[in-house]
Amino acid sequence: MAIERYNARVAERKWQDIWAEADVFATKNEDPRPKYYVLEMFPYPSGRIHMGHVRNYTMGDVVARYKRARGFNVLHPMGWDAFGLPAENAAIQNKVHPAKWTYENIATMRAQLKSMGLSLDWAREIATCSPNYYKHQQKMFTDFFKKGLVYRRKSKVNWDPIDNTVLANEQVIDGRGWRSGAIVEQRELEQWNFRITDYSEDLLTSLDTLDRWPDKVRLMQRNWIGRSEGLRVRFEFETPSPTGEKTIEIFTTRPDTLFGASFLALSADHPVAIAAANGNPALGAFREKCHQMGTSAAALETAEKEGFDTGLTVKHPFIAGATVPVYVANFVLMDYGTGAIFGCPAHDQRDWDFATKYKLSIIPVVLPPDAAATTYSLGTAPYVDDGTIFNSDFLNGLTVDAAKEAVAKRLETTMVDVAPQGARQVNYRLRDWLISRQRYWGCPIPMIHCDDCGVVPVPADQLPVLLPDDATFDAPGNPLARHPTWKHVACPNCNRPATRETDTMDTFVDSSWYFARFTDPWNETDPTTRSAVDSWLPVNQYIGGIEHAILHLLYSRFFARAMKATGHAGLDEPFAGLFTQGMVVHETYRDNTGQWVTPADVVIDEIEGTRVARLKADGTKIEIGSIEKMSKSKKNVVDPDEIIANWGADTARWFMLSDSPPDRDVIWTESGVEGSHRFVQRIWRLVNEAAPFISGISGPALVETPTAAAMTLRKQVHKTLAAVEDDIERLAFNRAVARIYELVNAIFKILADADMASDDSMPGAVSEAFDVLLQIIQPMMPHLAEECWSTLGRDGVLATSAWPLVDRSLIVDDTLTLPVQINGKKRAELTVSRQMSDSEIQAAVLELEVVKQVLEGRPPKKIIVVPQRIINVVA
RNA sequence: GCGGACGUGGCGAAAUCGGUAGACGCAGCAGACUUAAAAUCUGCCUCUCUCUGGGAGUACGGGUUCGAGUCCCGUCGUCCGCACCA
């Protein structure tokens, strides 16, 4: 009787309905079992899910289903990162309200995710654009404000003078606004900031505790925070000071090279530079030039180092009578250190470039280890490595480190104008987090500007500050700022007319605490419920893209600390385990006019070993290009909906887990999908073939003396089970997949070879094999597993059934086949019993024909027996 | 420029500790079944030689070791992050 092919479309819908009806993935906070929180980075509702989502959410779902089977109370929620610019762009282009656009996208994408059969607790779904979510965010903002974690400050922004709007760095292309094409200006605006730098040191040192994070991500964060230890040094003016201050303070990490100082360089925004420009039009013009310089990476890279001699001079701290000229330089940043540096051209590339250009002296003070002080001279480059200090008075002979210490000690105790001349300082590259956005579709910053009371937070009982529904998007600028009535409000303090803050928050704020909200999204009065948030967090396993390695993860770590400081949560680190998955990539195709062609329109043949692509429609030859990240611009995208409709969700899920290690990119190929689908059908066929023999049996139902064939199968089943457990625990899904293929191949062989009717130990063993197989594929291909489970007449749904137990006695073998090497090359194999001693094994090895031949009667120099592994005879 | 990761068949890869290199999948080749195709099944599938056997082989060149894909040094290449942070 022919077995009908597995109909994924029908079966998947059926099981999704059954799970939904029984509400099997709902999670209760009161459940007493041990908790496990698995979370994938929530999506931006762009319109449709893409293959990257399929991969990300498949991985998370495998973990969730596996942990559930292992007896954990699993929290596996989903939500929407729903504020952001694309919704506003859609409003401008298509005249559709951002809310309507966003919620329609959410509806589409929710249905797509449901078609994947993910084991999500949809009751906890949140959208960050919902007032139910952002009112809590506003509450926390005001709490942060009261704790001093929020402040306002003038900051430089990219300003588009045509659209009258602030642009994100990504919206500035070649120095011009992406929409208007206007040359972007740097403007100073009052902007809201989170004081993330309060936690610089903690965010840095706590990275060491995150041992279940990829080293790569931790390193990236470490570099981003950028701690450096140095010395602030005050140089006394020799010329009159333009500001009245008696000194200029610089920051350096190389105080050991002070004797090589040949200039000071100030930022264009340094107070001394500003003051000196008064009455010095040329310097004023130079400052102006510095301001016009773009902030983009490209602009910085090409910009040449330039300076302007202010004519001012300062005294060298150690060399009596020596003076140092003061420049303003375009490469010195005002917001790092003190906005001023000293230059030692002999030992720093940048200072070297500057000194060469302006013909300043270059005095070497660090001697390389193998150089002689009397003959040493620099070549055409600075010497930046370690060495011994010379040309430096009291530092001569010291190492670089010792000299740093000596300089610090001396300057700390030298008084200049009632303060020490030097002070040790730790600096961080990390800046405070600027969250102001002059946008409509974001969380309104809940502050009110009152002429009399200043900036006042909106009282808790007046939250949320709702976005107005009737904003207009047909003019440039911030819709909130130009709304006729929205911003006008009474001051909460004095009740006089005041105005609302019209900035909204960076959408990274929304995603910095959503994982906490999931723990009790039903709390109407507070952002979090302490009992829930403290027991669920930290997230046991967080899974997402490497592109969030720095910002999202760092901001979330900051938020956890800020929420702790304001009593909204009780822990520092939000994510105990982090996994960054690779991208989904695909070949690219182009027609003879150079236009990109989408994979769905292409057929591939192999002609004499060469792959040839043709247009499906008319057979036109298509050029096969490089493999790249799926992107709309290159059209190398595959639509998850089509894949699921054609092959089923299980096939797509299985493919995503196969072959490539999850942290690497996976190449999506049509033939690979076909292979995955073949496997789905193969399991279905096997189950149906075996069903008549085993459907009544539950468990191994062993006879007293099972046959060798039955025992071999049972051993393989339990070895596979143990290996798959291990693989899933370490998210090595590709290895688990390979083990499962092996098991299915073995079952296939047994069904073909064994005589089920006459070997009465076989039905039990085969039955057990299928039970285990279906349980271990359940996290990966849940619908197929359920359908097979029910075909075999098993009780209940697999989604809620317990993981099978490994029988440890079955995973150790009584006999082992060990490779035998002679002088490190494999020459034979030797089958020994597990109990055999080393000396017995050695004796057996010497009896082997090949070994005798090589030794020719002589005794071996050595025999190395590595237990359970290998034998090496050294002849 | 600085920092980091990686380099294994035609392709994706596997090889927890230094112990049989290439499991598993994809592609390909040959065959069976079929009127035929699809599906399915069987076998082959690193290179090479004087082929019932041997030799070489994990980017390249050295080293440590009884034994190296794995450890160390150097070279080349690819990818990623940061990029005037003093």
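For the range A:529-558: of the residues being over 19 Å from the mean Cα position of the chain (by Cα) and either hydrophobic (A, V, I, L, M, F, W, C) or crowded, with 21+ Cβ neighbours inside 10 Å (or both), which is farthest from RNA strand B (Cβ to nearest atom)? Looking at the filtered set, the residue picked out is A:Ala532. Residue count for the range A:318-350 satisfying the condition of being touching a residue at least 60 places away in the same chain (Cβ under 8 Å), more than 19 Å from A:Ile274 (Cα to Cα) and within 15 Å of RNA strand B (Cβ to nearest atom): 7.
Every condition in (1) farther than 24 Å from A:Phe679 by Cβ; (2) surrounded by fewer than 15 Cβ atoms within 10 Å (Cβ to Cβ); (3) charged (D, E, K, R) holds for A:Glu642 except the one numbered (1).
Just to be sure, is A:Tyr376 of a type in the set (Phe, Trp, Tyr), within 16 Å of RNA strand B (Cβ to nearest atom) and modelled with pLDDT under 90? No.
Of the residues A:Glu623, A:Glu628, which single one is farther than 25 Å from A:Phe579 by Cβ and out of contact with any helix residue (DSSP H, G or I) (no Cβ under 9 Å at 6 or more places or on another chain)? Please lay out each step first, then the result.
Numbers: A:Glu628 fails: farther than 25 Å from A:Phe579 by Cβ.
Answer to the selection: A:Glu623.
A quick yes/no check of all residues on (1) within 24 Å of A:Val314 (Cα to Cα); (2) surrounded by 15 or more Cβ atoms within 10 Å (Cβ to Cβ); (3) without any contact (Cβ under 8 Å) to a residue 12 or more places away in the chain:
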position	(1), (2), (3)
A:Tyr383	no, yes, no
A:Gly387	no, yes, no
A:Gly397	no, no, yes
A:Ala406	yes, yes, no
A:Lys409	yes, no, yes
A:Val418	yes, no, yes
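Listed here are the residues, each with its yes/no results for (1) surrounded by fewer than 17 Cβ atoms within 10 Å (Cβ to Cβ); (2) within 16 Å of RNA strand B (Cβ to nearest atom); (3) not hydrophobic (A, V, I, L, M, F, W, C).
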| site | (1), (2), (3) |
| --- | --- |
| A:Ala765 | no, no, no |
| A:Leu773 | no, yes, no |
| A:Ser801 | no, no, yes |
| A:Val806 | no, yes, no |
| A:Thr817 | yes, yes, yes |
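Is it the case that some residue within the range A:708-720 is farther than 26 Å from A:Asp814 by Cβ and either within 14 Å of RNA strand B (Cβ to nearest atom) or modelled with pLDDT under 90 (or both)? Within the range A:708-720 (the criterion being farther than 26 Å from A:Asp814 by Cβ and either within 14 Å of RNA strand B (Cβ to nearest atom) or modelled with pLDDT under 90 (or both)), the answer is no, since none of the residues qualifies. Among residues of the range A:843-854 that are part of a helix (DSSP H, G or I), none has a Cβ under 7 angstrom from a residue that is polar (S, T, N, Q) at a sequence gap of 6+ or on a separate chain. Regarding the range A:683-705, can at least one residue be identified that is over 30 Å from A:Tyr589 (Cα atoms), small (Gly, Ala, Ser) and in contact with a Lys or Arg (Cβ under 8 Å, 6 or more places away or on another chain)? Yes: the range A:683-705 contains one or more residues that are over 30 Å from A:Tyr589 (Cα atoms), small (Gly, Ala, Ser) and in contact with a Lys or Arg (Cβ under 8 Å, 6 or more places away or on another chain).
Taking the numbered list (1) surrounded by fewer than 22 Cβ atoms within 10 Å (Cβ to Cβ); (2) among the aliphatic types (A, V, I, L, M); (3) away from RNA strand B (no atom under 15 Å from the Cβ) in turn, A:Met220 passes all entries but (3). Looking only at residues of the range A:621-677 that are farther than 21 Å from A:Gly117 by Cα and among the acidic types (Asp, Glu), we find that the one that is farthest from the chain's Cα centre (by Cα) is A:Glu623. Scan (1) in contact with a Phe, Trp or Tyr (Cβ under 8 Å, 6 or more places away or on another chain); (2) within 11 Å of RNA strand B (Cβ to nearest atom); (3) assigned to a helix (DSSP H, G or I) for the single condition A:Tyr199 breaks and write down its number. The single condition A:Tyr199 does not satisfy is (2).
Annotation: of all residues in the range A:231-241 being under 29 Å from A:Leu398 (Cβ atoms) and surrounded by fewer than 19 Cβ atoms within 10 Å (Cβ to Cβ), the one that is nearest to RNA strand B (Cβ to nearest atom) is A:Glu236.
Of A:Ala107, A:Ala64, which residue is free of Cβ contacts under 8 Å to residues at least 40 places away in the same chain and either farther than 23 Å from A:Lys564 by Cβ or in a loop (DSSP other than H, G, I, E, B) (or both)?
Numbers: A:Ala64 fails: free of Cβ contacts under 8 Å to residues at least 40 places away in the same chain.
One residue alone meets the criteria, A:Ala107.
I need the full set of residues from the range A:79-95 which are out of contact with any Asp or Glu (no Cβ under 6 Å at 6 or more places or on another chain) and either crowded, with 22+ Cβ neighbours inside 10 Å or within 12 Å of A:Gly47 (Cα to Cα) (or both), in order please.
Residues of the range A:79-95 out of contact with any Asp or Glu (no Cβ under 6 Å at 6 or more places or on another chain): A:80-82, A:84-95.
Listed by number, the residues that qualify are A:Trp80, A:Ala82, A:Gly84, A:Pro86, A:Ala87, A:Ala90, A:Ala91.
Would you confirm, using the coordinates I've provided, whether A:Ile3 is surrounded by fewer than 21 Cβ atoms within 10 Å (Cβ to Cβ), hydrophobic (A, V, I, L, M, F, W, C) and touching a Lys or Arg at 6+ places or on another chain (Cβ under 9 Å)?
Values: surrounded by fewer than 21 Cβ atoms within 10 Å (Cβ to Cβ): yes; hydrophobic (A, V, I, L, M, F, W, C): yes; touching a Lys or Arg at 6+ places or on another chain (Cβ under 9 Å): yes.
Criteria met by A:Ile3.
Restricting to the range A:15-29, give me the number of residues that are in contact (Cβ under 8 Å) with a residue 40 or more places away in the chain and in a helix (DSSP H, G or I). Adding up the residues that qualify gives 5.
Here's the yes/no breakdown for (1) within 16 Å of RNA strand B (Cβ to nearest atom); (2) among the small types (Gly, Ala, Ser); (3) in contact with a strand residue (DSSP E or B) (Cβ under 8 Å, 6 or more places away or on another chain):
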{"residue": "A:Asn391", "(1), (2), (3)": "no, no, no"}
{"residue": "A:Gly397", "(1), (2), (3)": "no, yes, yes"}
{"residue": "A:Glu405", "(1), (2), (3)": "yes, no, no"}
{"residue": "A:Arg410", "(1), (2), (3)": "no, no, yes"}
{"residue": "A:Thr413", "(1), (2), (3)": "no, no, yes"}
{"residue": "A:Arg424", "(1), (2), (3)": "yes, no, yes"}
{"residue": "A:Leu430", "(1), (2), (3)": "yes, no, no"}
{"residue": "A:Val455", "(1), (2), (3)": "no, no, yes"}
{"residue": "A:Asp461", "(1), (2), (3)": "no, no, no"}
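How many residues are surrounded by 13 or more Cβ atoms within 10 Å (Cβ to Cβ) and under 19 Å from A:Thr142 (Cα atoms) if we restrict to the range A:460-489? Result for the range A:460-489: 8. With respect to the conditions (1) of a type outside the set (Phe, Trp, Tyr); (2) part of a loop (DSSP other than H, G, I, E, B); (3) surrounded by 13 or more Cβ atoms within 10 Å (Cβ to Cβ), A:Asp370 falls short on a single one, namely (3).
Scanning the range A:605-624 for residues that are more than 9 Å from RNA strand B (Cβ to nearest atom) and either acidic (Asp, Glu) or surrounded by 10 or more Cβ atoms within 10 Å (Cβ to Cβ) (or both) gives A:Val612, A:Ala613, A:Arg614, A:Leu615, A:Lys616, A:Asp618, A:Thr620, A:Lys621, A:Ile622, A:Glu623, A:Ile624.
Among the residues of the range A:242-252, not a single one is closer than 30 Å to A:Thr388 by Cα, in contact with a Pro (Cβ under 9 Å, 6 or more places away or on another chain), in a loop (DSSP other than H, G, I, E, B) and more than 11 Å from RNA strand B (Cβ to nearest atom).
Show me the helices (runs of 4 or more DSSP H) entirely contained within the range A:685-801 in which 3 or more residues are farther than 30 Å from A:Pro661 by Cα.
On the way: elements: A:708-729, A:733-753, A:762-777, A:782-791.
Those helices (runs of 4 or more DSSP H) span A:708-729, A:733-753, A:762-777.
Which residues, taken from the range A:534-557, are small (Gly, Ala, Ser) and assigned to a strand (DSSP E or B)? Selection gives A:Gly544, A:Gly545. Residue check: is A:Thr566 modelled with pLDDT under 95, over 30 Å from A:Ile728 (Cα atoms), among the β-branched types (Val, Ile, Thr) and surrounded by fewer than 20 Cβ atoms within 10 Å (Cβ to Cβ)? No, not satisfied.
The values are calculated or read from the model by the stated rules, or taken from the named source; none is laboratory data. Quantities reported herein were computed from a predicted structural model and do not represent experimental measurements. Glycine also receives a Cβ, built like all others from the backbone with ideal geometry; neighbour counts cover every protein chain displayed.
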